[in-house]
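Working notes for the structure below.
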Amino acid sequence: MSKLITTYPDFEWIDLAQPDQEELQAITQPFDLDINMLEDSLEHGHLPKIEKVNHYTFIILRAYSANHEDIVTTVAELSNKIAFFIHPEKLLTVHRADFDFLSNRFDKYKDSEALMLEIINDMLLTYEKPLQNQSDKMDEFERDIFLKNGKSISIEALYYQKSKARISKKVLLMTQHVLNQIVVRPESTSTLQDLKDTTVSYLLQYDEVIEDTNTILNSYLSVTAQKSNDVMKLLTIFSAFFLPLTFIAGIYGMNFDYMPELKAPNGYFITLGVMLFIALIIYLWFKRKKIM
């Protein structure tokens, strides 16, 4: 466990990283904390929540921590949480993963509430770059589908992009629910409203990504079906040309003793001419019907 204590004029910030069960038990008494809440703060995959107990407000929020290339199917794989215990004179943060934005904080904060809102803002900003990456990936998928000689897209890759967007939206929706329940001092109302607006903006953008994945999948299936139809159309045209010609060749390939045409001096050339004439008639008919 690493423990960082920062003292400000009006409050104290204690940051606990990767504490074990014994260390959590030891901190309950001096801070008058509920051990169940501390255990919740380390529970794997715990979703955002807010509770008011005794003199503390207990909040769990999740920051985006997955890499762009990671295959993500669960909340725990996509994000890591930070638990806040907020008191006018103390701010306790508990987390397992390391977060750069929790280090190197040299700003002066007038109260624990201001520091908490600043950390929450940094947590929300972790969704910005992944969201942009997903938006760029959707554009790449569209280019691969619609541009001439475009590459075939990976349905598996598209599924995982949709999975990331869906899980991110779920986490942000619960984060929005938490933010709507946070009560702050009048001077911090504007900051809290900015956090709510940022959350709404990200939710709308993730909605757009999810809609894009559905549209791209439908477009891909339509384009694939069209390609299959074009192949079947080409095979049908070839069959229409060669079926009557194969029929003629089959007749004169039979081994009967009496076939008068076989004795004709120009029978071979006449048969080829008939075949060419039939092929020309079929070609003109296809042209007239605009099949070719």
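The values are calculated or read from the model by the stated rules, or taken from the named source; none is laboratory data. This is a predicted model, so every value here is computed, not measured. Heads up, the Cβs are rebuilt from the backbone with ideal geometry, glycines too, and the neighbour counts pull from every protein chain shown.
In the set A63, A76, A26, A97, only one residue is touching a Gly at 6+ places or on another chain (Cβ under 8 Å) and of a type in the set (G, A, S); that residue is A76.
Could we say that G253 is exposed (fewer than 12 other Cβ atoms within 10 Å of the Cβ), free of Cβ contacts under 8 Å to residues at least 12 places away in the same chain and over 24 Å from M232 (Cα atoms) here? Criteria met by G253. Taking the range 92-111 as the range and being closer than 17 Å to Q18 by Cβ and in contact with a Phe, Trp or Tyr (Cβ under 9 Å, 6 or more places away or on another chain) as the test, the residues that pass are L92, T93, V94.
Does K164 count as without any contact (Cβ under 8 Å) to a residue 40 or more places away in the chain, under 16 Å from the mean Cα position of the chain (by Cα) and either in the same structural domain as P48 (by TED's automatic domain parsing) or surrounded by 18 or more Cβ atoms within 10 Å (Cβ to Cβ) (or both)? In short, no.
Yes/no per residue for (1) in contact with a helix residue (DSSP H, G or I) (Cβ under 9 Å, 6 or more places away or on another chain); (2) modelled with pLDDT under 80; (3) closer than 30 Å to K110 by Cα; (4) not in a helix (DSSP H, G or I):
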{"position": "L192", "(1), (2), (3), (4)": "yes, no, yes, no"}
{"position": "L195", "(1), (2), (3), (4)": "yes, no, yes, no"}
{"position": "S201", "(1), (2), (3), (4)": "no, no, yes, no"}
{"position": "L217", "(1), (2), (3), (4)": "yes, no, no, no"}
{"position": "E261", "(1), (2), (3), (4)": "yes, yes, no, no"}
{"position": "G273", "(1), (2), (3), (4)": "no, no, no, no"}
{"position": "M292", "(1), (2), (3), (4)": "yes, yes, no, yes"}
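The residues on offer are K52, K162, K110, and the sole one that is among the basic types (K, R) and touching a helix residue (DSSP H, G or I) at 6+ places or on another chain (Cβ under 6 Å) is K162. From the list E23, E12, the one residue that fits, being under 17 Å from E118 (Cα atoms), exposed (fewer than 15 other Cβ atoms within 10 Å of the Cβ) and not polar (S, T, N, Q), is E12.
Identify, from the list N54, N80, the residue that is at positive phi and touching a residue at least 12 places away in the same chain (Cβ under 8 Å). The match here is N54. Within the option set I278, I210, being assigned to a helix (DSSP H, G or I), among the β-branched types (V, I, T) and more than 30 Å from I155 (Cα to Cα) holds for one residue only, I278. Could you list all residues from the range 167-203 that are more than 23 Å from the chain's Cα centre (by Cα), among the small types (G, A, S) and surrounded by 16 or more Cβ atoms within 10 Å (Cβ to Cβ)? Across the range 167-203, the qualifying residue is only S188.
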